[in-house]
Structures are given as C-alpha cells and as structure tokens.
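Quick notes on the structure that follows.
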Amino acid sequence: MTIRLYNTLTRRKEEFEPREEGAVAMYVCGPTVYNHVHIGNARTFLTFDVIRRYLEWRGFDVTYVQNITDIDDKIIARAAEEGSSAEEVARVYTEAFLDAMRELGVAKPTAQPRATETIPEMIEMTERLIEREHAYVVGGDVYFSVRSFAGYGRLSGRDIEEVRSGARVDVDERKSDPLDFALWKAAKPGEPHWPSPWGEGRPGWHLECSVMSEKELGVSFDIHGGASDLIFPHHENEIAQSEAATGQPFARYWLHGGLLQVNAEKMSKSLGNFMLLRDVLDRYPAPVVRLLMLQTHYRSPLDFSLDRLDEARAAYERIETLIRNIRWTRGTTPTMEGRSEEERERLTAAISGAQDSFVAEMDDDFNTAGALGALFELVRAANTFMTASDSALATADLVALSDVEDVLVESLGALGVEIGGARQQGYPPEVVELARELAGYRGDDPAGAVDALLAARAVARTERNWAAADAVRDGLARFGISVEDTAQGARITLAPRS
RNA sequence: GGCGACGUGGCCAAGUGGUAAGGCAGGGGCCUGCAAAGCCCUCAUCCCCGGUUCGAAUCCGGGCGUCGCCUCCA
C-alpha cells in the first residue's frame with residue numbers, strides 16, 4: 001500500500017514516491033525566535049513531527065531538517081524593546097523553543113541549522129543569483145527579480161499582475177519592481193551585520209530556507225512543510241530563489257498545515273489572541289495536547305480552547321483506563337474456561353481490523369482523526385470483551401488483551417502520543433496510619449498497609465458491614481488511591497501525580 | 001477587489017457517488033451493597049436552491065455564511 005498526500009503545488013492528493021527509495025528528505029520551516037512559541041506555532045511543529053514519525057514507523061529513513069531563524073527584523077525590534085541585544089533575544093528564545101519542543105514530545109530534527117551559522121552559504125547563493133541575472137544590487141541591498149523567474153506564483157495560484165495590483169505594500173523606490181524582495185539587506189546603524197561583497201549587512205528571511213535545504217538535503221528533495229500562511233510569499237519566494245539558482249525543481253511535495261484559531265479567528269501574535277505553548281503544557285500533559293490536535297485533520301483549521309483540552313483529556317483517559325485495566329487483569333489468576341471462543345475471535349478480528357484501518361487512514365494524507373477513530377473502536381471491543389461475563393479470564397484471553405495493549409501503545413506511539421507509561425511513585429506513607437486505625441496494621445510499610453486495608457475491607461464486605469468497607473475506600477481516596485470492585489477482586493489505582 | 005479553503009448531531013470531527021466512523025456532553029437501562037470502570041439503547045439525512053445520476057453529504061451551477069492569504073506571521 002502506498003502513501004498518498006495532498007500536494008499544495010498540484011492541489012491534489014498524490015501517491016508519494018520519494019526520490020530515493022526507502023528514504024525521505026523533508027524540510028519544515030522553523031520559528032523566528034523573538035518570543036515564546038504559542039500553541040498555534042506548536043500545532044504546525046506537531047503536525048510535521050507526526051508526519052515524520054509516521055513515515056519512520058512505515059519504514060522510511062527520514063532526514064528531517066528544520067531551521068531556526070535567529071536574525072530578523074522582529075528579533076531586532078524585540079531587542080530594542082527589551083533594551084537587550086539581538087543575539088541575546090535569539091539565544092533566550094531559541095533555548096525556550098527547544099525546551100518547549102522537548103516537553104511536547106517533538107522528536108529532534110536530524111539537523112537544525114541556524115540562520116546566523118549559514119551566512120556564508122547565503123552569500124554564496126546570492127552571488128549565484130546575481131551571476132544568473134536573477135538578482136541585482138542597489139546600494140548595499142540585493143533584490144531578487146521576480147519577473148526574471150517564469151514560474152513565480154505557481155504554488156500559491158497567483159498571477160503576477162494581480163499580486164501587483166492588489167499589493168498594499170509600501171513601494172520601495174530602490175526596487176526596480178515592487179514585486180521584488182530582498183535577499184540581502186544593508187545594515188542600519190546599531191543592527192547586527194556580517195561582511196559581504198555588497199558591504200556589511202544581513203540576509204533576508206526567505207533566503208535561509210533555500211540555502212539550508214540545499215545544503216542539508218540537496219536539490220529536489222521530497223517534502224517541504226509549513227503552515228498555510230507561509231504559502232505566500234515565503235514559500236513562493238523560496239521556490240523562485242532555489243530554482244533560479246539551481247535550474248532544478250526545488251521540492252517535490254508541498255505540505256501545508258491548517259491554522260489554529262481562537263473563536264474562529266487565526267491565533268497570532270499580532271492579534272494578541274495567543275496562548276503560549278509553555279502555559280498550556282503547565283496545565284495539560286503533552287499527550288493530551290497532542291491528542292487534541294490529532295483529532296482534527298492537519299490541513300483543517302482547528303479552533304482551540306481549554307474546554308476542548310478537557311474533552312481531549314477525557315478521551316485520553318478512556319484509553320489509559322483500558323490499558324490500566326488490562327495490566328491489572330494480567331495479575332489475576334486465569335481460569336480454564338474464560339471467554340468463549342467466539343468472543344475471543346471477535347476481539348482478534350477487532351485487533352487486526354483496527355491495525356488495518358489505522359494504517360489505511362494514515363496512509364491517506366495522514367488522516368489522524370480517522371486513525372484515532374479506529375483505535376477507539378478497538379477500545380470498545382476490548383472493554384466489551386472484558387465485561388462479557390463475570391468469570392475470570394483464561395490465559396488465552398489475557399494474551400489477546402495484551403495484543404490490544406500492544407497495538408494501542410504502538411499505534412499511538414507512531415503518532416508520538418505516549419500512553420500507559422509507568423506510574424509507580426509508591427503509596428504515600430500516610431496510609432500506614434490509616435491501616436493502623438482501620439485494619440489493626442502493625443508494620444510500617446505502605447504497601448503492606450494497603451494490603452491490610454484491602455483485606456480488612458474484603459472481610460467487612462462479606463460481613464455486609466458497609467460502613468467499615470466504605471471507611472477504607474474513602475480513607476484511601478483521600479490519598480488519591482481509588483478502589484474499584486470487580487468480579488476478580490478489588491482493583492486499586494493510584495491517581496496520577498501528587 | 002483577486003486567489004484559496006471550509007459549512008456534517010448539543011459541542012468537536014472522520015467520511016468526498018451507494019445509503020452517516022470516532023471523541024466529548026445529555027437522557028434511559030444493565031452491572032454494583034453503594035460507587036467506580038464498563039456495556040447496551042437513545043440523540044443527524046449532512047447551510048439553502050437548482051441540476052447530473054438508478055442513486056449525492058459526496059459531482060456541477062447559483063446563493064448565503066465563515067475563515068485564510070494577498071503586509072511580518074506556524
């Protein structure tokens with residue numbers, strides 16, 4: 001089965017055929033580090049992290065490159081505001097970005113070049129463009145001549161004449177055409193600058209992606225990603241620069257993620273309606289944030305809110321509870337009879353059905369929402385299986401349930417959603433006191449105390465002494481330990497965290 | 001004004017020609033000493049109008065509405 005993906009360049013879903021069999025070269029536009037990334041920025045990085053992980057899971061050898069723009073107008077402006085230097089601003093927010101990505105569970109790119117470390121290559125490409133008469137020097141600036149590149153506008157579906165008439169840009173008199181954009185900017189006083197054949201200056205924003213992708217991935221690499229607001233002009237300009245400089249096609253598949261919205265409006269720093277990723281992660285674990293994002297197709301807009309995060313948390317817990325229950329069941333004593341052959345077969349069919357659907361959905365332009373749906377269907381099948389009768393499970397039943405667990409953990413893992421992680425921080429020491437009080441416990445071991453409490457509760461229940469039984473359950477609940485009665489005995493669960 | 005995307009149950013969201021996945025929430029029931037977890041039932045004909053077709057949420061035309069890009073933007 002092949003993977004199909006939607007290519008912005010052709011506006012169609014296409015079969016994915018990497019230039020080199022079994023390997024994928026992809027480039028994703030990274031952040032400009034002038035502020036903390038917000039949850040909208042995070043969505044894009046998450047989207048491409050999932051695509052990357054899935055491709056790897058499908059057996060591709062993925063080279064994943066993401067730049068960090070650490071020199072730019074906005075960084076300079078921010079430095080002026082903070083009374084700091086551009087270098088310092090870039091350093092602080094680069095660190096913050098890397099931390100946030102780590103916390104979100106975004107896998108490290110194969111290469112993560114920074115603009116300020118790629119200056120010589122950018123100068124080199126600019127020289128190539130001047131040489132090929134696609135760029136010209138005015139004063140200390142160098143501009144790309146848009147009209148010199150025939151394919152301009154193909155990605156964004158724009159006509160050069162219309163771009164021009166609709167332009168709201170201030171026309172820079174030094175450009176020979178308003179459409180042209182800067183490859184190299186002469187430094188103004190007090191700005192960071194690097195030496196170049198055209199004097200001291202700094203690179204234009206669009207240039208770095210062309211240069212870095214060529215350096216790390218070569219020409220005509222496989223996938224170029226970014227959010228949809230980068231299609232024009234950023235990606236259009238990248239194509240123009242690279243193809244004009246090399247004479248070769250730039251990237252083969254262009255993938256663009258939908259924007260995150262708040263109250264049906266784009267989340268952006270300029271609108272001020274943003275929420276920082278770090279603040280969201282303070283309140284919700286990374287897998288929950290990821291699950292929320294993955295419940296919507298990556299190309300669609302996604303309206304973000306705390307309520308929706310709560311919903312995602314409930315959905316996450318549904319899967320987590322199942323996994324916990326399966327693991328607990330494995331510790332029970334198997335019987336000979338267990339579930340019927342028919343029930344077991346039904347579960348086995350549900351497992352392979354879920355696996356097949358998961359792959360089919362993901363292969364179809366990374367339909368994570370559909371893929372998650374398939375996993376939730378498996379969750380239901382497993383729950384049904386476990387509660388089909390009161391009798392204990394047979395060894396074969398436990399094996400089938402372990403398969404369910406494996407499929408869920410592995411499939412979610414392919415999407416970078418961690419689940420079922422160890423959660424053993426031990427019982428709080430206070431349970432010893434509770435056990436002394438309610439169960440006549442004499443030791444000082446918390447685990448032993450819990451055992452004593454459960455034993456006391458079991459006795460109380462057979463004696464129909466509900467007050468005593470509930471005292472144990474309520475007492476443990478105060479320490480975040482829940483007690484659930486099942487046909488196979490009491491199942492205790494330690495609440496997450498403290 | 002130009003280009004593009006979208007409009008599916010209370011909320012969110014898959015599905016893009018064969019009769020509506022999944023999640024969350026609500027109602028009813030089962031299980032339970034009570035609970036928890038879970039299961040079952042229940043809750044849509046897919047913005048509107050017209051057309052193509054044996055058949056359309058799915059294709060075409062028109063309308064209404066929302067969003068994005070056209071300026072830095074993930």
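The values are calculated or read from the model by the stated rules, or taken from the named source; none is laboratory data. These numbers come from a predicted model, not from an experiment. Neighbour counts are summed over all protein chains in view; Cβ atoms, including those assigned to glycine, are modelled from backbone coordinates with ideal geometry. Remember, those area values only see protein heavy atoms, side chains included, never the ligands or the DNA or RNA. Shrake-Rupley method; radii C 1.70, N 1.55, O 1.52, S 1.80 Å.
What residue, among those in region A:372-392 that are of a type outside the set (A, V, I, L, M, F, W, C) and within 12 Å of RNA strand B (Cβ to nearest atom), is farthest from residue A:343 (Cα to Cα)?
Within region A:372-392, the subset of a type outside the set (A, V, I, L, M, F, W, C) is A:373, A:377, A:380, A:383-384, A:387, A:389-391.
When the remaining residues are screened for being within 12 Å of RNA strand B (Cβ to nearest atom), the result is A:373, A:377, A:380, A:383-384, A:387, A:389-390.
Details: A:373: 22, A:377: 16, A:380: 13, A:383: 12, A:384: 9, A:387: 11, A:389: 10, A:390: 14 Å.
Result: A:373.
Are any residues in region A:222-234 more than 9 Å from RNA strand B (Cβ to nearest atom) and under 15 Å from residue A:44 (Cα atoms), and if so, which ones?
A:223, A:224
A quick yes/no check of all residues on (1) crowded, with 21+ Cβ neighbours inside 10 Å; (2) not aromatic (Phe, Trp, Tyr):
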residue	(1), (2)
A:57	no, no
A:79	no, yes
A:85	no, yes
A:90	yes, yes
A:116	no, yes
A:128	no, yes
A:132	no, yes
A:143	yes, no
A:147	no, yes
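Results for (1) among the β-branched types (Val, Ile, Thr); (2) farther than 16 Å from residue A:72 by Cα, shown as yes or no for each residue.
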residue	(1), (2)
A:137	yes, yes
A:148	no, yes
A:174	no, yes
A:179	no, yes
A:194	no, no
A:203	no, no
A:224	no, yes
A:227	no, yes
A:232	no, yes
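Return yes when residue A:369 is within 30 Å of residue A:31 (Cα to Cα) and away from RNA strand B (no atom under 11 Å from the Cβ) and no when it is not. Outline the logic, then answer.
Working: within 30 Å of residue A:31 (Cα to Cα): yes; away from RNA strand B (no atom under 11 Å from the Cβ): no.
Criteria not met by residue A:369.
Please work out which residue is nearest to residue A:128 (Cα to Cα), limiting yourself to region A:201-226 and to residues that are acidic (Asp, Glu) and touching a strand residue (DSSP E or B) at 6+ places or on another chain (Cβ under 7 Å).
Of region A:201-226, the ones acidic (Asp, Glu) are A:208, A:214, A:216, A:222.
This time we only want the ones that are touching a strand residue (DSSP E or B) at 6+ places or on another chain (Cβ under 7 Å), so: A:208, A:216, A:222.
Working: A:208: 14, A:216: 18, A:222: 23 Å.
Here the residue is A:208.
Could you grab me the full set of residues in region A:55-89 that are out of contact with any Asp or Glu (no Cβ under 9 Å at 6 or more places or on another chain), within 19 Å of residue A:194 (Cβ to Cβ) and more than 16 Å from RNA strand B (Cβ to nearest atom)?
Once the filter is applied, which keeps residues that are out of contact with any Asp or Glu (no Cβ under 9 Å at 6 or more places or on another chain), within 19 Å of residue A:194 (Cβ to Cβ) and more than 16 Å from RNA strand B (Cβ to nearest atom), region A:55-89 yields only A:85.
Among the helices (runs of 4 or more DSSP H) confined wholly to region A:393-498, which include 2 or more residues that are within 14 Å of RNA strand B (Cβ to nearest atom) and touching a helix residue (DSSP H, G or I) at 6+ places or on another chain (Cβ under 7 Å)?
A:395-414, A:446-462, A:466-477
Check whether at least one residue in region A:270-285 is closer than 21 Å to residue A:97 by Cα, more than 9 Å from RNA strand B (Cβ to nearest atom) and basic (Lys, Arg), and report yes or no.
Scanning region A:270-285 turns up at least one residue that is closer than 21 Å to residue A:97 by Cα, more than 9 Å from RNA strand B (Cβ to nearest atom) and basic (Lys, Arg).
Among what's in region A:11-55 and is polar (S, T, N, Q) and either open to solvent by less than 10 Å² (accessible area, probe 1.4 Å) or assigned to a helix (DSSP H, G or I) (or both), pick the residue that is farthest from residue A:368 (Cα to Cα). Don't jump to the end; show me each part of the working.
Taking region A:11-55 as the starting set, the residues that turn out to be polar (S, T, N, Q) are A:32, A:35, A:41, A:44, A:47.
Checking which are either open to solvent by less than 10 Å² (accessible area, probe 1.4 Å) or assigned to a helix (DSSP H, G or I) (or both) leaves us with A:41, A:44, A:47.
Details: A:41: 19, A:44: 14, A:47: 10 Å.
Once the filter is applied, the top-ranked residue is A:41.
Would you pick out the residues in region A:441-460 that are within 28 Å of residue A:383 (Cα to Cα) and without any contact (Cβ under 8 Å) to a residue 12 or more places away in the chain? Write out each step before concluding.
Residues of region A:441-460 that are within 28 Å of residue A:383 (Cα to Cα), as a first pass: A:450-451, A:454-455, A:457-458.
Of everything in region A:441-460, just one residue is within 28 Å of residue A:383 (Cα to Cα) and without any contact (Cβ under 8 Å) to a residue 12 or more places away in the chain, namely A:451.
Can you tell me which residues in region A:176-196 are among the hydroxyl-bearing types (Ser, Thr, Tyr) and surrounded by 17 or more Cβ atoms within 10 Å (Cβ to Cβ)?
We begin by selecting, within region A:176-196, every residue among the hydroxyl-bearing types (Ser, Thr, Tyr); these are A:176, A:196.
Of everything in region A:176-196, just one residue is among the hydroxyl-bearing types (Ser, Thr, Tyr) and surrounded by 17 or more Cβ atoms within 10 Å (Cβ to Cβ), namely A:196.
What do you reckon, is residue A:461 basic (Lys, Arg) and surrounded by 13 or more Cβ atoms within 10 Å (Cβ to Cβ)?
Working: basic (Lys, Arg): yes; surrounded by 13 or more Cβ atoms within 10 Å (Cβ to Cβ): yes.
Yes.
Buried (at least 22 other Cβ atoms within 10 Å of the Cβ) and within 15 Å of the chain's Cα centre (by Cα), is that true of residue A:322? Give the steps one after another, and end with the answer.
Details: buried (at least 22 other Cβ atoms within 10 Å of the Cβ): yes; within 15 Å of the chain's Cα centre (by Cα): no.
Answer is no for this residue.
Which of the residues belonging to region A:310-341 are closer than 16 Å to residue A:491 by Cβ and in a loop (DSSP other than H, G, I, E, B)?
Step one: list which residues in region A:310-341 are closer than 16 Å to residue A:491 by Cβ, which gives A:317, A:320-333.
Within region A:310-341, A:331, A:332, A:333 qualify.
Tell me, please, whether a residue that is at pLDDT 95 or above, touching a Leu at 6+ places or on another chain (Cβ under 7 Å) and assigned to a helix (DSSP H, G or I) can be found in region A:342-353.
yes
Give me the residue from region A:297-306 that is hydroxyl-bearing (Ser, Thr, Tyr) and under 8 Å from residue A:258 (Cβ atoms) and, out of that set, nearest to RNA strand B (Cβ to nearest atom).
Kept after step one, since they are hydroxyl-bearing (Ser, Thr, Tyr), are these residues of region A:297-306: A:298, A:300, A:305.
Subsequent filtering for residues that are under 8 Å from residue A:258 (Cβ atoms) retains A:298, A:300.
On the way: A:298: 8, A:300: 4 Å.
Only one residue fits best here, namely A:300.
Residues that are within 30 Å of residue A:415 (Cα to Cα): list the strands (runs of 3 or more DSSP E) wholly contained in region A:60-157 that include at least 2 such residues.
Filter on region A:60-157 gives A:61-66.
Please state which of the following conditions residue A:336 fails to meet, knowing it meets all the rest: (1) near RNA strand B (Cβ under 7 Å from one of its atoms); (2) aliphatic (A, V, I, L, M); (3) open to solvent by 70 Å² or more (accessible area, probe 1.4 Å).
Unmet condition: (1).
Looking at region A:339-366, which of the residues that are away from RNA strand B (no atom under 15 Å from the Cβ) and acidic (Asp, Glu) is farthest from residue A:296 (Cα to Cα)?
Once the filter is applied, the top-ranked residue is A:341.
Can you tell me which residue among A:408, A:393 is under 20 Å from the mean Cα position of the chain (by Cα) and under 21 Å from residue A:322 (Cα atoms)? Before the answer, list the steps.
Numbers: A:393 fails: under 20 Å from the mean Cα position of the chain (by Cα).
Criteria check complete, one pass: A:408.
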